[in-house]
1. First select every other residue whose beta carbon is under 12 angstrom from the beta carbon of Ala414; then total the charges, Lys and Arg +1, Asp and Glu -1.
2. Please give me, ordered by residue number, the trypsin sites (Lys or Arg not before Pro) of the range 378-408 that lie in loop per DSSP and have at most 15 other Cβ atoms within 10 Å.
3. With the cut-off at 31 Å, tell me which of the pairs Lys95/Lys262; Lys85/Lys118; Lys116/Lys262 have Cα atoms farther apart than that.
4. Explain nothing, just the number: relative contact order of the range 198-326, from Cα pairs under 8 Å at least 6 residues apart, as a whole percent.
5. From the backbone phi of the range 321-338, what are the Karplus-calculated ³J(HN,Hα) couplings (6.51 cos²θ - 1.76 cosθ + 1.60, θ = phi - 60°) in whole Hz, Gly and Pro given as x?
6. Accessible area, 1.4 Å probe, largest first: how do Glu501, Glu157 sort?
7. Excluding same-chain residues fewer than 8 positions from Lys328, which lysines have a Cα within less than 19 Å of its Cα?
8. Nothing charged except the Cβ atoms of Lys and Arg (+1) and of Asp and Glu (-1): what's the magnitude of the dipole of the range 505-577 about its Cα centre? Round to the nearest 20 debye.
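The values are calculated or read from the model by the stated rules, or taken from the named source; none is laboratory data. Just so you know, these numbers come straight off a predicted model, no measurement behind them. Cβ: placed from backbone, ideal geometry, glycine included. Neighbour counts: every protein chain shown. Only protein heavy atoms, including side chains, enter the accessible area calculation; ligands, DNA and RNA are left aside. Shrake-Rupley method; radii C 1.70, N 1.55, O 1.52, S 1.80 Å.
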Amino acid sequence: MEKRDLSKFVKIGVFFLGPFMLTFGVSFAFINLTIFGSKQQVVNAGNLDLVLDEDENNLYIENALPMYDEVGMIQEAFTFRITNKTSMDTAYVLKLEEITVGQPLAREDVKYGLTKNKETTIDFVSNIVDNVIDEGVILGNETIEYELRLWIRDTLEEESSIQGKSMMFKMSLRMSQTEERTYRETLLNGCDPILSENLVPVTIQDDGTVQKANIYEEWYNYEDKLWANAVVLLDKTKTYSEYEIIPEENIESYFVWIPRFKYQIFNDTVYTGLTAIENRVQEIKVEFENRNTQASNGTTTGSWLTHPAFTSIDTNGFWVGKFESGYKGASLTGDAQVNSSDSAKLQIKPNVYSWRSITVGNAFKVSYDYLRSDESHMMKNMEWGAVAYLQHSKYGSMKSVRNNNNTSYKTGYASVEEPTRGRNPDDISILGNQFGPSSDVTLSYNTEVSYLASTTGNISGIYDMSGGSWEYVMGYNIGANTIGGGSELTNIYGDFFTNSEWGKYYDKYLSINTTDYQAGLLGDATREMGPFGNEDNRIRTSWYNDFGLLVIPEQPWVIRGGHWLIGFESGIFSFTANLGGAESRNSFRVVLSP
């Protein structure tokens, strides 16, 4: 496209854009470059406010033409400001994040001009690193004024490259004290916990005391195996100050943050049946990474793979229920055996009765409905695998997770003995599997012994991933004899297995026999736990002799973690198959991906 001297038509180009286009015979289709928000929107980030000033002229930047920088910079601007509400100097990061809608413009075709307190930067959108458009330190009680403009580069040659395309952005703001920001970026590479309005960041003392965290100080440290925790309040209108104790009676649910990571594949062997069990326990190499980092796609031992639990939903991490899901109001074991889809009855707490006798369908609906704004859903098999791999990295306990052997199915408990007694191979029942008594000595989650039942070996980790109840996860054999097995999912969501929109909520398998381990997926902690062998008429893995069978058409749903009754065969690497119906030994777990 021929360049034209537009400088003398500045006023026409800015205020009478339609006639301007017609006058100069420009055939490019109108382009919408949009920054969206709500009227006088205020985005809070701790002690800072990001105020987006909207009106019809400066929120929607419409009908953009290829233009020189000097013309682009005299367009009506989108204005906003950051205000520090305290006297404390604060580091901040301001991001311009693209939202995909329709067919996007190429970032290298779009330029921006950012004016900060009358000083201007002009560059291509494609040159913005990690979406950071500005960062620095804002002084106590200071306000920084911004103006933002967007336009198509004047050197554009082809009309087809912008026809029918658009670009939409949102502004986001993060803050921390300078020292804290340096600590976090070094540690987690930008995949810090995402805190929605439903989640209150907390620290948990060794005795179980919960305090609201000061997020401008070190409230987690994965290098020290201290994982980030948050709670959902029963009374969400109640606010707490930093360090204030949050009483247990106002906590509905506990969650733990799993940061996005890649791992070094440690076993790419394809197992097609049983061999001999070997001790294959080892450290799993893990590196944290941001979702803007190019994903690693390794497939062989020694190569790196961005864990699929994060790429399937494209997230910087997810929150996992700290305990097995419990049934609100249950005062006896049997009270928590309810096959319903009432999400109002969900609680995720220590020392409550695990919610059992529920179908996969109802468990999924309970999880899905719980906190929709935070993308709540029932835990996938791949998400279980991500937790298991982090647990066995340098950021976790790297030990066999102690069994929850509480015979009443109370959450957060742990056996005093190790290995926990369970199945007695000397007693053979009519089914060939007789279980002996589990240790009747069991302790709640806030004791030194019980910390061994946590993924971190301390109170900051995730509990009940070994023993307690078997846990249904969203892993499904797509060759099931009956669609959905016994889950009754299609009674609730008629198109669950036919509408691709549901696909991100479950992992798909296709195995004929329980020992078709080649059907396992990298990252889900199934086939990588081989080789597998038959010991005492039980199929076990090479990791802690945990129980290990894949899903089959007759039993298409994955269950994880084991049951208190099978003792040492339970474990975070344990897995087997189930029909998906309401069984008294099976529970479930909730994940948030805000």
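1. -2
2. Lys394, Lys399
3. Over 31 Å Cα-Cα: Lys116/Lys262.
4. 24
5. Residue by residue, the range 321-338 yields x, 5, 9, 4, 5, x, 9, 4, x, 6, 10, 9, 3, x, 5, 8, 9, 9 Hz.
6. Most to least solvent-accessible, the answer reads Glu501, Glu157.
7. Straight-line reach from Lys328, under 19 Å: Lys236, Lys345, Lys349, Lys365, Lys410.
8. That gives the range 505-577 a dipole magnitude of about 80 debye.
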